[in-house]
Amino acid sequence: MGWRAIDVDTDEQLRAKYTDHVPVTFVDQELLGYWFVDEVALRAALANGTPDP
């Protein structure tokens, strides 16, 4: 599966959970970070992910 962007303001539950923490970054459904994207951590998480079948 590729990446996808989700606007937390379009979902009431996501807005309630993450409104003060955007952007929120997940890789393979695991929270990677809040407020900014850490390029090094993101690249490492993506490199260690499970490849698509």
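For the range 1-21, filtering for residues that are open to solvent by 80 Å² or more (accessible area, probe 1.4 Å), farther than 18 Å from TRP35 by Cα and modelled with pLDDT under 85 leaves 2. Pairs please, first residue from the range 4-33 and over 21 Å from ALA45 (Cβ atoms), second anywhere and open to solvent by 60 Å² or more (accessible area, probe 1.4 Å) and of a type in the set (Ser, Thr, Tyr), Cβ atoms under 9 Å, 6+ apart in sequence or on different chains. Listed pairs, sorted by first residue: ASP9/THR19; ASP20/TYR34.
The values are calculated or read from the model by the stated rules, or taken from the named source; none is laboratory data. Since the model is a prediction, treat every value here as computed from it, not as a measurement. Quick reminder, even Gly has a Cβ in these numbers, built from the backbone with ideal geometry, and neighbours come from all protein chains shown. To get the accessible areas, we keep the full protein, side chains included, count just its heavy atoms, and leave off ligands, DNA and RNA. Shrake-Rupley method; radii C 1.70, N 1.55, O 1.52, S 1.80 Å.
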